[in-house]
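Each value in this text was obtained by applying a stated rule to the coordinates, not by laboratory testing. Note that the structure is predicted; figures quoted are calculated from it, not measured. Don't worry about glycine lacking a Cβ; one is built from the backbone with ideal geometry, like all the others, and counts go over all protein chains shown.
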Amino acid sequence: MGVRIRLSKQTLQVLDTLLARPGQWLHGYSLSQSTGIPSGTLYPILMRLDKLHWLETRWEESKTPGRPPRHLYRLTGTAREWAREEIRVAQEQHFWKPAEHEA
Amino acid sequence: MSMATQGSSVTARLARWALWCAVRHWPEQNRAWGLALAAEIDETASAFETVRWSLGGIMLFTRSVLSSAWAWMKLPAGSSLSGGVDGPGGPSLLPRRSRVFTAVVVAAAAALLILPEGREAIRTVRSSWQEYRQSNSDDGTLNELGVRAEREKDAGTLAFVALRSRDSRRAEDLMERAIGLDPEFIWVYGSRNRSWPNSEPPKVQWLARLQAADPNNAVPYLLEAYQAAGPDVEKRYFGHGAPEDADFEALESNSKWMELMERAYGSLRYDSYFQRDVQLTRKVWNRETNLSPLVVLSGLWSHGIPNLLNLRIFADVEIHEAQKARAAGDLKRAESLLNRVNTFGVRMTDGSETRIEKLIGWAVSLKADKELAALYSSAGKTEDEQRAMARLNEIDERAKEMRYAHNPAHSATALDFRKMARLVQSFAILCVVGAFAAIMGILMVELWPNRIPNAHAVWRKAACLMADYGPAALLVGSVGFLMSFLPFQRAFEEYRALSNGLPDQERLMDAMWGLLEIPEYMTGANASVSTWTIITIALTALLLFVLVHGFLHSRRTAEKPA
């Protein structure tokens, strides 16, 4: 495994959501909706994951003129493995369990 | 559209606007994340969601700003988060210490100087640099104190301010209010006798009231007598060498002066109210500990005492009269006149609280006793002559002791204070130089990249040195300044705490005059000598530094493998 980091429950929640649709690009707002994490907490998590190279990001050109481009996120291939491992360990240690609708 | 929806849309618009404002000022390093967050706000489903999203963004913005500021603070002055500053000849020189380190050092120095002890030290040393001249800010402090005392009807503080105020009209008002509230303070009439910058002797009507309230005291009569005679007495007396019979006759012809001086010499007490002034000063200073020592003590320094020359002239007039009586064979009158002068001298010495008054009292007694000894000798009264001679010797001894102790060259306390004052003043100068170097160095280094792009490297190096070592010099100076000022602080504390008159007063004066010695080097007659001495020492120190630095540098270069 690559970089082992101490993950918070919210980070595990974000990883779990990203893992639910592994190849799919997700917007920040839809991530916030799925995890129930507010923007002020979600973005620092995304920034941290990006810094660790767990996250792939890209800008999506706006379809509506005048609107700013949106940012998209998904886990990198290797990060998916690490994320699954982290989630498994967290569940074994009863530190975190996935939300009911996702379990 | 309902009112509620309209209100929500206004709130949502406001939230959106606030978030985009934050994005505009987002730190460069992670502005992309701010843009990413802000771009999602249009996806929110309700006004509540919009506000929530915006608040989260503003929180993230605050966090980013703080973390950028902290990262910036961890860098040396003059560098930026975008990767330092490059000068024309490659990477620019930067100070070694981080901004945080500099800020902590400066804050520590400031915290020390803001302590009550630090503030008192600064006030005192600043006053000594102004040669203990009452400044406009001191006047302002006194004025505020006076206004508060008027409001609180505090007679003591009113009298205290009246004795120190440079505004004679205001002082008079305060004096009247103080005496109106507590007639015990009537002595203030005789104590406000400022001679600088303008001569302001006590008014005759004040002295009349004081004489009525304190009829057995010689001082109010002496104060009035000096005004009755004025400089004319001194002029006549000193017009031509030793006074002649005609001069004495002219003096005696001033009946008003003669009458007042005779009343003074015949009074039962001599009290120039100095002790009362000291006690009042102590009381107010204990309550108002933030007052500058200068403001506190200026009243004591300008405390009015009778004109001592005038007083001695009258002694000479009386002695001259006694000599005439003796020549005429009227020994009884001569003895009576001389005894009166002698008694006055003794009363003055016993009743006064200042050295100079005591010394003049002894001088008056001494003259009278000499004449008495001569009178008794010529009359064959051996026992009386011996008594007079014994008194003469005793006075001589005591006066010698006092003069010796008063001479700063012999007083151990004064010498100690002088030595300590040098340390205090040196550390104070180090503080000023350190603060100046720190400010100049930091400003130059911070502004350099934009303002002086082609400046010479030597100047940039000098700026870096100042930014690195200025704050440290300030901190060292502050610690040293406070530590070296402790004995002075103790002298102030002792003065405030004890009730023993003259010794405390003198200890305090020794402390204050000790501090004045250094500024005198800068402003006195030898100012140019001391200035050149300092310049020579500074240049020598600089030369030594350059030589040692160069030697160490060349050794390091030689040790490095090729």
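Quick look at the values:
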{"quantity": "Tail beyond 35 Å, pair distance distribution of chain B (Cα, percent)", "calculated": "60 percent"}
{"quantity": "Dipole magnitude of the protein assembly as shown, debye to nearest 20 (Cβ charges: Lys/Arg +1, Asp/Glu -1, about Cα centre)", "calculated": "3380 debye"}
{"quantity": "Sum of -39500 (n - 2.57) over DSSP H runs of 4+, divided by residues of the protein assembly as shown (222 nm, nearest 500)", "calculated": "-24500 deg cm²/dmol"}
{"quantity": "Members of A:Lys9/A:Lys51; B:Lys256/B:Lys370; A:Lys9/A:Lys63; B:Lys256/B:Lys324 lying beyond 25 Å, as alpha-carbon distances in this model show", "calculated": "B:Lys256/B:Lys370; A:Lys9/A:Lys63"}
{"quantity": "Value in Å of the Kirkwood radius, where the range B:11-142 supplies the Cα pairs that are averaged", "calculated": "19.5 Å"}
{"quantity": "Degrees, to the nearest 10: B:255-266 long Cα axis against longest axis of chain B", "calculated": "90 degrees"}
{"quantity": "0 to 90° range, to nearest 10: angle between helix B:116-129 axis and chain B longest Cα axis", "calculated": "60 degrees"}
{"quantity": "D (Stokes-Einstein, µm²/s), Kirkwood Cα radius, the range B:244-380, 1.002 mPa s at 20 °C", "calculated": "128 µm²/s"}
{"quantity": "Fully extended contour minus Cα-Cα distance, from B:Arg422 to B:Gln386, at 0.36 nm per residue", "calculated": "7.9 nm"}
{"quantity": "Listed residue (B:Ser127, B:Ala213, B:Leu158) projecting farthest to the positive dipole end of the range B:98-225, Cβ model", "calculated": "B:Ser127"}
{"quantity": "Burial ordering of A:Asp50, B:Asp369, fewest other beta-carbon atoms within 10 Å first", "calculated": "A:Asp50, B:Asp369"}
{"quantity": "Descending semi-axes in whole angstrom, ellipsoid equivalent of the range B:311-385, from the Cα gyration tensor", "calculated": "24, 13, 8"}
{"quantity": "Long-range HN-HN contacts of B:Ser272 with modeled amide H, under 5 Å", "calculated": "B:Glu353"}
{"quantity": "Linear extension gain, B:Thr557 paired with B:Ser168, 0.36 nm per residue minus alpha-carbon span", "calculated": "132.9 nm"}
{"quantity": "Cleavage-rule hits (GluC sites (Glu not before Pro)) in chain A: DSSP loop, at most 16 neighbouring Cβ within 10 angstrom", "calculated": "A:Glu61, A:Glu100, A:Glu102"}
{"quantity": "Kirkwood Rh in Å, taken over the range B:35-79 so that all alpha-carbon pairs contribute", "calculated": "12.2 Å"}
{"quantity": "Nearest 10 degrees, 0 to 90: helix B:168-181 Cα axis against chain B principal axis", "calculated": "80 degrees"}
{"quantity": "The range B:97-187: mean projected area of Cα convex hull, nm²", "calculated": "8.3 nm²"}
{"quantity": "Likely footprinting exposure, B:Leu66, B:Leu465, A:Leu26, fewest C-beta neighbours within 10 Å first", "calculated": "B:Leu66, B:Leu465, A:Leu26"}
{"quantity": "Where labels lie 7 Å past Cα in the beta-carbon direction, separation of B:Thr289 and B:Thr540 in nm", "calculated": "4.3 nm"}
{"quantity": "Per-residue mean of C-beta atoms belonging to partner chains within 10 Å, peptide B:30-37", "calculated": "6"}
{"quantity": "Per-residue average of Cβ from other chains inside 10 Å of B:40-47", "calculated": "4"}
{"quantity": "Calculated over chain A: convex hull of Cα atoms, volume per residue (Å³)", "calculated": "105 Å³"}
{"quantity": "Reachable lysines from B:Lys153, criterion Cα separation under 28 angstrom, eight or more residues apart if same chain", "calculated": "B:Lys203, B:Lys283"}
{"quantity": "Averaged over A:49-61, number of beta-carbon atoms from partner chains that fall within 10 Å", "calculated": "1"}
{"quantity": "Relative contact order, percent, chain B [alpha-carbon distance under 8 Å, six or more residues apart]", "calculated": "14 percent"}
{"quantity": "Which of B:Cys431, B:Cys21 has the fewest Cβ neighbours within 10 Å, and the rest in rising order", "calculated": "B:Cys21, B:Cys431"}
{"quantity": "Whole-Å semi-axes of the ellipsoid equivalent to the protein assembly as shown (Cα gyration tensor, √5λ, descending)", "calculated": "85, 32, 21"}
